[in-house]
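S.K.: One structure is given below, represented as C-alpha cells, and several questions about it will come after.
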Amino acid sequence: MKRFEHFNAKTVDDAISLLEKYNGEAMVIAGGTDLIRILKDDVLPTYPKAIINLKTIPGLDYIKEENGTLKIGTLTKLHDISTSSLVKTKYSLLAEACRSVGSPQIRYMGTIGGNLCQHVQCWYYRASKSLGIAFRCLRKGGNVCYAISGDNRFHSIFGGKGCVAVCSSDAAVASTALGGSVKVKGPSGERVIPIDDFYTNIGAKLEIGDIITEIQIPEPQADSKQVWIKFRLRNSLEFAIVSVAAMLKLKAEDAICENAKILLGAVAPTPKRATEAEETIKGRAINEKTAEEASKMAVAKAIPLNHNAYKIAITKSLVKRAILMAKEQASL
Amino acid sequence: MSFNIIKTDEAEQKYREWKVLGKPVPCINSYLKVTGAAKFVDDVILPNMLYGKILRSPFAHAKIKMIDVSKAETLPGVAAVVTYKDIAHMGIIQTPPRFILTDRVLYVGDVVAAVAADDETIAEEALDLIKVEYESLPFSLTPEEASSFPPMHPEASTDNIVIGAWFPYQRSVGSVENGFKEAHIITEVEFRKPNIKHMFLENYAAVADWRGDELHLWSHPQVGAATFAMQLASILNMPTNKIHVYQCFIGGGFGGKHGEAPIRVAVLAAMLAKKSGRPVKIRTNIREHFVEGHVLDPGITTFRYKVGADKAGKLKAIDALVLAGQGERSSNVGIAYCGDTVFNTYRIPNRSFRAYPFYTNTPMSEALRAYGSQAGVPPLEAAMNEIAESLGMDPVDFIIKNGLQDGDIVTQYLHNDFQLAGGDLPKLVQKAAEEFKWKEKWKGWGVPTEVSSFRRRGVGVAVATHTAWGLPRPNMVKDTVIIKINSNDGTVEWVTDGRDMGSGFDTVVSQVIAEILEIDVKDVVHAPPCSVGQPIGGDTRGSKALQSTVFAAYNAAQDLKRKILEGASSVLNVDSNRLILDLKGLRVYVKDNPSSAVKLSKLGELFSGVLVGIGSCPSHYGGPESFMDPVTGRRLGMKGMFCSFAEVEVDTETGRLNIVKLLIATQSGMILNPLIVYGQIIGGIVHGLGCMLWEGIVYCEKTGAPLNASFIDYPIPTTLDVTENQLASVVIVDPKHARLTPYMAKGISEGVFAAIWGSIHMAVYNAIGVKIREFPLRPEKILKALGKAQFPKTKGVV
C-alpha cells in the first residue's frame, strides 16, 4: 500500500466535512474488506490522499424495528444481520443474503453499508498494478470497456451503458426485493433513496461527501414468502455468478400468487427487477408450468455478450427454482 | 474419508516387527506450526533491514527503450534501485541463457526493476517514479500462435521450439505404422489444458544480507539449501561456500518452489542488498504468485492422441502428439514425463510420442506435484475412453485387459528403461471396482446412472502411474544424511540440507532413524537446514524422499550403529553381534550379560567421530544386487500405481458439477505413517479437484495479462466444497509393491492428484452424454456442451 492520511471520524458530520475538504481524493473505511483489496492492488487511477475511518463514529451499529420499518445502522456487521433473530424471522431474504457473503472472517468485519458500496468485481477493473498492468477502463475515467470485447463470462446479460460490469452486492439485491431504502447524509443534508434507484450504470448514486447512515426496510406483508438463491462456483468466498431474491405472497389454499417481487443479481450493472416474470405469475396458481413461463420471461430480454450466454440458462433456472421454493415454503 | 487399508500377511508381519515405523506419529513440526512458533522467510527481520518491491512489465513482449530511475532513487527512504543496467556479471540463468534483469520483457508481470527502501510503502511509491519507455513486440499465448512467430530467444532457438535439457522430443517403440495396420479400430482425440498454478499460501520471499564477501540468504526452496546455493553460485558468479542459504519453513510448495522458482526473488534481494549495503527482504504479494515462479509444465497445451486396438480390445498402437505453450522458458521435464505416461500406463506394443514445446509469452513452466502424469493422464484417458467406447467395452474390463503389470518394461523418456518391480494396474482396478460397486453402477458409455429431473449422475474410472523411483542418476549427487548422537544424553540429530514442506518427510526420516537406533522418535531432531557444512539430500519433490532420503538415513543409521558396536566390541572384547545399543542408558551392553557395558562417552573419547554416522542413497544404476531381477537380468524400478472411481452429479440447468463420491486406490507398499498418508491422500484429492472443476489462468487476448490472478478470481476448493464423506480410499499394503527400498514404501499424493482427473471426465460424459475435451469443467463449459449457452454471432452487443 501507499501512503495516505488517516482520520478517525468522531461524528458523521466530521466525516462529511473531511470528505468535502479532500474533494474526491478521500475514501471512507468501515470493515475494509473491499477497500483494503482496492488499496493493496492499487486498482484506482489515483491513490486516495486520505482514508476516513467510520468505525469510530458511535451509534451506527444497530438493528431495530420502528413503526413497521426495519432500521439497520450502516456499520452493522453482516454477521450480526445474518444471525439477528428479528431479521431472520421477518426479513429472512436479507439474513440469507448477508449469510452468503464471503466467509465468516469477512462477515465479522464487513458492514452492510460497505457491502452496498463495494466496487465491481470485473477482472479488468480489478487488474492489479503490482502485476504490471492496469486497464484504465470506462469506469475508471477511460473511454473503453475492455470486457465488452474481452473475457466477459461474469458480466451483464442485460446490457450496460458503456460498462458491462455487474453489481455484486448480495445485500443490494435482497434489500431491493424487500423494497428497502438507504438513508444518505451529505453536505446538503439528509435524504432517503429507494435502493432500486440507488445504483446507476457505473456505481452508487453518491456525491462527494455522501455517507450511507442507515438501511431501511418496510415490514413485508404478512405471509409473504422470501427466497434467496446465490449461484457460485464454490460454497464460500465467492461472489454470485447469478443470484435471485424473490418475495411472493401466495394464497394458502390454492397457491395463487397475489403479489410477487423478483430481483436478479449479478446479471446487470444494478440489481435487475424481473417485472415480466412477476407479471406472469401474478393472479395465477404457482406450479411447474407457471414457474417455467415466468423464468422464460425473466430472461426474455437478455442480450448475452460473447462469453456469458450460460448465465441466461442459470438465471432462468434460478428464477424457476425460487418461485417453486416459495410455493414449497407456503405449503409447509 | 473412509480409509480402507488392506494388508497382506507379509505386511502384518512387518508391522509387528516395527516399533516406530507404521505408527501414527504426529508430524514433528506440527506443534511449532500451529502455535506460530515455526519461522518462515517473512518472519526473518534483521537490524537495519530494507524492503524490496518489484516493478513488473505491462507488456507481454517488449523491448525497454529507455529506463530512468533517477526520480525513484532520490525519493527519501529509497536506498537502491536495480535494473538490467546494474548487473553486468550477475543474474544469468540457463536454458536459454538469460539475465534475471534484461532490456527485454517476455510476459506481463516479468521483472523490469526492483527497489529497496526503508519500508514497503516507500518502495511501492518509488516504483511509480521509474520512467520506462517500451517498444511493444508481438506476443503469443498458445503453441499454435508461437509456431508462426518470430523467435523469442533467437540465440537459442530459431523456430521457437524450447531448448530444454531433453532434445529432441520424439521417441518411439515398435512400429506405430504396423500397429495401426494390425488394428481393427482406430480413434483420435484432441484435448486441451490451460495454465494452472500451485496456489500455496506462502508467497515467494527472500531475505539477503552481505557480510563481507559472504551472502547470507533466507529462502524456502524445495530443493535443499546446498543445492540452492550451488544454483545461486553459478547465477551470482561466486564461490558456493560463500553463499549461506538458510532454509526456512516452507509454507506449501506443490512443486512451485522447486527448480528456479524461488531464485529470481532471492537474486533480486541479493542485488539490492549489495547495492545498498544493507539487508533486504522481498516478500511478493498474493497476486504476484501468478507471475513469479512457474506454472505446470506443459503449459497451455493441445494433445492429439491416436490409438488403435484389435477386435478383442487389446491395444496395438498409440501415436501421441503434444503441442505446448511453455512460457518464456522451461526445462521441458514435464512434457517428457507426459511421454512416460503415454508409454507406461497401458501395455501398447507400438508407441510414438512427439512433443512440440514452444516459447510463449507467459511465465515459465515447470513442476506441479512433480511432472507428467497430471497433465498427461486426462488426454490419455480420453483417448482410451474413446477406443473402449468404440469397442463397446466396459472401461474396467478395458483397463484389466491393457493395464501395466508387474514385470513389464517401463520405457522412460529421460532415463534408462527398467523392469517394473511391484504394482499392477489390473489387480488394483479390480479391487477398487469391487469397493466402488462399479458393476452395479455402470450403465454404459454416455448413459447416466441416475436421472432425477434436471440432475444427472454418472460414474467414471481412470488409472495413473506416477514416478516413484527417485534415486539419483549416475551423474547426480547422491542424497546424504549425517546422524550425530549426543553422548551426554543419548539424543540424536540428523542433518541434510532440505526442509519438509508439509508432506511429512522429516517425520518419516526421523521415524526411520528412531527405528534403527531403537529410541523414541521424540529424541530425534532434524537440524535446521543450511547450505554450508551440510550434505545434499533434502530435496522434497517428485515423490522421491521416501526413496532417496530414507535410503540415506537408513544407511547413515546403520553406519552409526555399526561403528558404535564395533567400538564397543573392541573395548569389551565381545563380538559385536552380541552387543545391544542402549541410547537411553547411554551405553552399549552385552546381550546376555547386561552388567558388562561401556559408556557412550567412553566410546566418543576412544574413537574420534564414532558417534557420527553417514549414509548415502544408492544410484538407480549403480545400486545393490537387489536392483536386478535374477531371472531376466534386467534392472528393476518402481512406479506409483493409482486408480480413481468417481460418481458425479451434473445440474443440467446450471451446469454445476457436484462430486457424489470419489474413491482413490493405490498400491502403496508399506505405510510408514498412516496419519501422513491419510492427509496426503486428502490433500492430493482436494488439489486435483480444484484443477478439474474450476482452476486455469485466463489471459487477456489483447494484452497477455493474467486476468484472474488472485485467490478470489482463481477459485480453489474450501472445506465446504470437499467434505470427507464424499471421499473414500483403498490402500493396498503389500511390501512387494515397493520392494526395492529399505522400508518398502513409496510416495502417494502426487499420483492421487493425477488419477482423479480422468475419472471425473468420464463420469461427466456418462452423466450428460457429451464429451468435453478440456478442463476445468466449469458451468460455462458444461452448459455450452449441453447446447444451453448459445452465443451471439456478433461480438459484444450492448
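S.K.: Among the residues of the stretch B:408-440, count how many are within 12 Å of residue B:340 (Cα to Cα) and polar (S, T, N, Q).
M.R.: Residues that pass the stated criteria total 3.
S.K.: Determine whether the stretch B:152-170 contains at least one residue that is in contact with a strand residue (DSSP E or B) (Cβ under 6 Å, 6 or more places away or on another chain) and surrounded by fewer than 19 Cβ atoms within 10 Å (Cβ to Cβ).
M.R.: yes
S.K.: Output the number of residues of the stretch A:108-164 satisfying the condition of being among the basic types (Lys, Arg), more than 10 Å from every other protein chain (Cβ to nearest Cβ) and assigned to a helix (DSSP H, G or I).
M.R.: 2
S.K.: Quick one: is residue A:151 in contact (Cβ under 8 Å) with a residue 24 or more places away in the chain and surrounded by fewer than 24 Cβ atoms within 10 Å (Cβ to Cβ)?
M.R.: yes
S.K.: Additional query: Quick check on residue B:138: is it free of Cβ contacts under 8 Å to residues at least 40 places away in the same chain and either more than 30 Å from residue B:385 (Cα to Cα) or not in a loop (DSSP other than H, G, I, E, B) (or both)?
M.R.: Judged against the criteria, residue B:138 is not a match.
S.K.: I need the full set of residues from the stretch B:363-415 which are over 30 Å from residue B:111 (Cα atoms), of a type outside the set (Ser, Thr, Tyr) and part of a loop (DSSP other than H, G, I, E, B), in order please.
M.R.: Within the stretch B:363-415, B:392, B:393, B:394, B:404, B:405, B:406, B:407, B:408, B:412, B:414, B:415 meet the criteria.
S.K.: Here's another thing I want to ask about it. For the stretch A:86-107: of the residues being among the β-branched types (Val, Ile, Thr) and more than 13 Å from the chain's Cα centre (by Cα), which is nearest to the other protein chains (Cβ to nearest Cβ)?
M.R.: Within the stretch A:86-107, the subset among the β-branched types (Val, Ile, Thr) is A:87, A:89, A:101, A:106.
With the extra rule that they be more than 13 Å from the chain's Cα centre (by Cα), the set shrinks to A:87, A:89, A:106.
Numbers: A:87: 23, A:89: 25, A:106: 11 Å.
Per the stated criteria, the residue is A:106.
S.K.: Name every residue in the stretch A:1-30 that is under 19 Å from residue A:185 (Cβ atoms) and assigned to a loop (DSSP other than H, G, I, E, B), in order of residue number.
M.R.: First pass over the stretch A:1-30, keeping only residues under 19 Å from residue A:185 (Cβ atoms): A:7-24, A:26-30.
Residues satisfying the conditions are A:9, A:10, A:11, A:23, A:24, A:30.
S.K.: Right, here's the next one. Among the numbered criteria (1) crowded, with 22+ Cβ neighbours inside 10 Å; (2) outside any helix (DSSP H, G or I), which one does residue A:307 miss?
M.R.: In the conditions (1) crowded, with 22+ Cβ neighbours inside 10 Å; (2) outside any helix (DSSP H, G or I), residue A:307 misses (1) alone.
S.K.: So, one more: Show me the strands (runs of 3 or more DSSP E) found entirely inside the stretch B:416-479 where at least 1 residues are at negative phi, in the same structural domain as residue B:732 (by TED's automatic domain parsing) and small (Gly, Ala, Ser).
M.R.: B:450-452, B:455-467
S.K.: Let me ask you something else. Restrict the check to the stretch A:168-190 and report whether at least one residue is within 14 Å of chain B (Cβ to nearest Cβ) and touching a His at 6+ places or on another chain (Cβ under 7 Å).
M.R.: Checked the stretch A:168-190: no residue is within 14 Å of chain B (Cβ to nearest Cβ) and touching a His at 6+ places or on another chain (Cβ under 7 Å).
S.K.: Which number in (1) within 14 Å of chain A (Cβ to nearest Cβ); (2) farther than 30 Å from residue B:462 by Cα marks the one condition that residue B:632 misses?
M.R.: Among (1) within 14 Å of chain A (Cβ to nearest Cβ); (2) farther than 30 Å from residue B:462 by Cα, residue B:632 violates only (1).
S.K.: Another question, if that's okay. Within the set of pairs 6+ apart or on separate chains, which have a first residue in the stretch B:767-792 that is more than 8 Å from every other protein chain (Cβ to nearest Cβ) and more than 14 Å from residue B:446 (Cβ to Cβ), a second that is assigned to a loop (DSSP other than H, G, I, E, B) and at pLDDT below 95, and C-beta atoms under 6 Å apart?
M.R.: Going by the 6 Å Cβ cut-off, there are no qualifying pairs.
S.K.: Does residue B:177 meet the test of being within 19 Å of residue B:309 (Cβ to Cβ) and surrounded by fewer than 20 Cβ atoms within 10 Å (Cβ to Cβ)?
M.R.: Judged against the criteria, residue B:177 is a match.
S.K.: Looking at the stretch B:125-137 only, could you name the residues that are touching a helix residue (DSSP H, G or I) at 6+ places or on another chain (Cβ under 9 Å) and either closer than 30 Å to residue B:299 by Cβ or not assigned by TED's automatic domain parsing to the domain that holds residue B:267 (or both)?
M.R.: B:127, B:130
S.K.: Let me ask something additional. Among the residues of the stretch B:539-565, count how many are more than 24 Å from the chain's Cα centre (by Cα) and either part of a loop (DSSP other than H, G, I, E, B) or under 21 Å from residue B:223 (Cβ atoms) (or both).
M.R.: 1
S.K.: (1) over 19 Å from the mean Cα position of the chain (by Cα); (2) touching a residue at least 60 places away in the same chain (Cβ under 8 Å); (3) surrounded by fewer than 22 Cβ atoms within 10 Å (Cβ to Cβ): which one isn't true of residue B:202, the others all being true?
M.R.: (1)
S.K.: Out of curiosity, is residue A:262 in contact with a helix residue (DSSP H, G or I) (Cβ under 8 Å, 6 or more places away or on another chain), more than 14 Å from chain B (Cβ to nearest Cβ), β-branched (Val, Ile, Thr) and closer than 25 Å to residue A:117 by Cα?
M.R.: Taking the combined requirement at face value, the residue satisfies it.
S.K.: Among the residues of the stretch B:718-773, count how many are surrounded by fewer than 23 Cβ atoms within 10 Å (Cβ to Cβ), modelled with pLDDT of 95 or more and touching a Phe, Trp or Tyr at 6+ places or on another chain (Cβ under 6 Å).
M.R.: 2
S.K.: With the requirement that a residue be of a type in the set (Val, Ile, Thr) and either modelled with pLDDT of 95 or more or assigned to a helix (DSSP H, G or I) (or both), what does the stretch B:496-538 give you?
M.R.: Those that are of a type in the set (Val, Ile, Thr) and either modelled with pLDDT of 95 or more or assigned to a helix (DSSP H, G or I) (or both): B:507, B:508, B:509, B:512, B:513, B:516, B:519, B:521, B:524, B:525, B:532.
S.K.: Looking at A:213, A:200, which one is farther than 30 Å from residue B:134 by Cα, more than 13 Å from the chain's Cα centre (by Cα) and among the hydroxyl-bearing types (Ser, Thr, Tyr)?
M.R.: Sole residue among the options that is farther than 30 Å from residue B:134 by Cα, more than 13 Å from the chain's Cα centre (by Cα) and among the hydroxyl-bearing types (Ser, Thr, Tyr): A:213.
S.K.: Right, next: Taking into account only those residues within the stretch B:95-125 that are under 29 Å from the mean Cα position of the chain (by Cα) and charged (D, E, K, R), which is farthest from the other protein chains (Cβ to nearest Cβ)?
M.R.: Here the answer is B:98.
S.K.: Mind counting the residues in the stretch B:65-85 that are touching a strand residue (DSSP E or B) at 6+ places or on another chain (Cβ under 6 Å), more than 11 Å from chain A (Cβ to nearest Cβ) and not in a helix (DSSP H, G or I)?
M.R.: The qualifying residues number 11.
S.K.: Condition test on residue A:220, is it within 14 Å of another protein chain (Cβ to nearest Cβ), surrounded by 19 or more Cβ atoms within 10 Å (Cβ to Cβ) and touching a residue at least 24 places away in the same chain (Cβ under 8 Å)?
M.R.: Working: within 14 Å of another protein chain (Cβ to nearest Cβ): no; surrounded by 19 or more Cβ atoms within 10 Å (Cβ to Cβ): yes; touching a residue at least 24 places away in the same chain (Cβ under 8 Å): yes.
No; evaluated as a whole, the condition is false for this residue.
S.K.: Out of all the residues in the stretch A:60-105, which are buried (at least 19 other Cβ atoms within 10 Å of the Cβ) and among the aromatic types (Phe, Trp, Tyr)?
M.R.: Scanning the stretch A:60-105 gives a single hit, A:91.
S.K.: Another question, if that's okay. Could you check, for the stretch B:696-708, whether at least one of its residues is more than 8 Å from chain A (Cβ to nearest Cβ), in contact (Cβ under 8 Å) with a residue 12 or more places away in the chain and touching a helix residue (DSSP H, G or I) at 6+ places or on another chain (Cβ under 9 Å)?
M.R.: yes
S.K.: Are there any pairs with C-beta distances below 8 angstrom linking a residue in the stretch A:174-198 that is assigned to a helix (DSSP H, G or I) to a residue that is of a type in the set (D, E, K, R), with the two at least 6 apart or on different chains, and if so which?
M.R.: A:174/A:96; A:176/A:196; A:176/A:273; A:177/A:261; A:196/A:273; A:197/A:205
The values are calculated or read from the model by the stated rules, or taken from the named source; none is laboratory data. Bear in mind the structure is a predicted one, so any value in this text is a computation, not a measurement. Every residue, glycine among them, receives a Cβ derived from its backbone with ideal geometry; neighbour counts consider all protein chains shown.
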